[in-house]
Number of protein chains: 2
Amino acid sequence: MVEQKATNVHWHEGSVTREHRNKLLGQKGATLWFTGLSGSGKSTVACALEAELIARGHLTYRLDGDNVRLGINKNLGFSAEDRTENIRRVGEVAKLFVDVGVIVLSSFISPYRIDRRVAREAHDKDQMPFIEVFIDCPLDEAEKRDPKGLYKKARAGQIKNFTGIDDPYEAPEHAEIHLRTDELSLEQEVAVLLDELKRRGILDAD
Amino acid sequence: MVEQKATNVHWHEGSVTREHRNKLLGQKGATLWFTGLSGSGKSTVACALEAELIARGHLTYRLDGDNVRLGINKNLGFSAEDRTENIRRVGEVAKLFVDVGVIVLSSFISPYRIDRRVAREAHDKDQMPFIEVFIDCPLDEAEKRDPKGLYKKARAGQIKNFTGIDDPYEAPEHAEIHLRTDELSLEQEVAVLLDELKRRGILDAD
């Protein structure tokens, strides 16, 4: 756990609440936490789902390993410690978005079980929906795709601490949604996610 | 400047853009960056402005020294280095909100000129509006108010590095909006801010 360093702080309760914003937006916020190997298709599924949601008038935002690392987490690398802090900060940013009322699509490898649990518990603490989505793609398939050429570099020793090669991926044991990429098409994956969002009342049923 | 540690990252260009979200929300995002001494009234003005904006149907979110320090920045204290990292992260979070289309009301003491410039330049780089609002309250007045009893503790040496007492406040030289609390009422301050948001096309003119 990260220690609370600053004292003399307390949550500032403003006159405008989450409920005001939910009413304005006509939706509630939630975090969909995509986890899986590099090349498993996390961002592809998140993008496809986002396009569907925005077409239906829902405000969404994608938090992505690549774009977050250029901003809020630009001072973090890929050591185990930095990966943990990376995921911790993303979890907290996601919570701020949920507080605004946004449906957050967070797509990070997030290989360590403990880190995902920290993000989940941070949401639970403030009664914010957290839906873990395991994009389950076999390593040999992800490595065959290798869309960014990273597995090749990792095998050649040019990248260290690469998940699946010389750093572990701890698969979720109790993900809310488990998508096997060798069984489902992209369209089917998006359909499963939409159904689940409706089932949980995050989207209105048709 | 913070060094970019992670390599092999690039901004993921999704199919849903800022423009899609702006259209959905009927507004554009912007950051109002309130700066001033502890007790100057930053949060009070931000709350009052937020209530006005939400009543007019605008999606806003307040980033606050107190609530951010309980989450994303809980591993930061009040040393000069930690204050700088605190403000850097807030600037980056604000940018993500602007990307969503939210009017961000960021209210932090943010005492160092260089730190505010880093936040401003991060916005400029991606053509995101950044409006610095200097809540200009004389130190003796802020200390007289002392709503959280912090000045008293700082004078007694129980809090170190307290802005205005044993840590400097570097007043803005070119803030877009300069509000003198000894000349304006809260209602007048909010009116000035609303006028400026209209003048800049962030809100529609009446």
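Quick look at the values:
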| item | result |
| --- | --- |
| Backbone N within the range B:80-113 under 19 Å of label point (7 Å from A:Ser15 Cα along the Cβ vector) | B:103-107 |
| Residue-by-residue Karplus 3J(HN,Hα) for the range B:38-45, coefficients 6.51, -1.76, 1.60, Hz, glycine and proline x | 4, x, 6, x, 3, 5, 4, 5 |
| Neighbour net charge for A:Ala122 - beta-carbon separation under 14 angstrom, K R +1, D E -1 | 0 |
| Beta carbon of chain B nearest to the axis of the rotation taking B to A, residue and angstrom distance | B:Val93, 3 |
| Label-reachable residues, the range B:159-194, where backbone N falls under 15 Å from a point 7 Å from B:Leu139's Cα toward its Cβ | B:161-172 |
| Under-5 Å amide H pairs with A:Asp167, H placed in peptide plane, nonlocal only | A:Phe162 |
| Chain B: radius of gyration over Cα atoms, expressed as a fraction of 2.2 N^0.38 Å | 1.05 |
| Förster radius 25 Å - calculated FRET efficiency between A:Gln188 and A:Arg113, Cβ distance, rounded to 0.05 | 0.40 |
| Chain A: most fluctuating residue of A:Ile135, A:Ile54, A:Ile87 per GNM, C-alpha cutoff 10 Å | A:Ile54 |
| Largest-first ellipsoid semi-axes for the protein assembly as shown, taking √(5λ) over the Cα gyration tensor eigenvalues, angstrom | 38, 25, 18 |
| Exam field: A:Ser185 pseudo-label spacings to other copies (7 Å along Cα-Cβ), nanometres | 6.5 |
| Nm distances between copies for B:Gly149, ranked from closest, using label points 7 Å along Cα→Cβ | 6.2 |
| Trypsin sites (Lys or Arg not before Pro) lying in DSSP loop within the range B:112-206, provided at most 13 other Cβ fall within 10 Å | B:Lys160, B:Arg200 |
| Under-5 Å amide H pairs with A:Phe108, H placed in peptide plane, nonlocal only | A:Phe34 |
| A:Asn161-B:Asp82 FRET efficiency (beta carbon distance; Förster radius 25 Å; 0.05 resolution) | 0.40 |
| Chain B: relative contact order in percent, alpha carbon pairs under 8 Å with at least 6 residues between | 29 percent |
| Calculated from backbone phi, Karplus (6.51, -1.76, 1.60) coupling profile of the range A:89-97 in Hz, x at Gly/Pro | 5, 4, x, 6, 5, 4, 4, 4, 5 |
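Only the coordinates and a few stated rules stand behind these numbers; no lab work does. Quantities reported herein were computed from a predicted structural model and do not represent experimental measurements. Quick reminder, even Gly has a Cβ in these numbers, built from the backbone with ideal geometry, and neighbours come from all protein chains shown.
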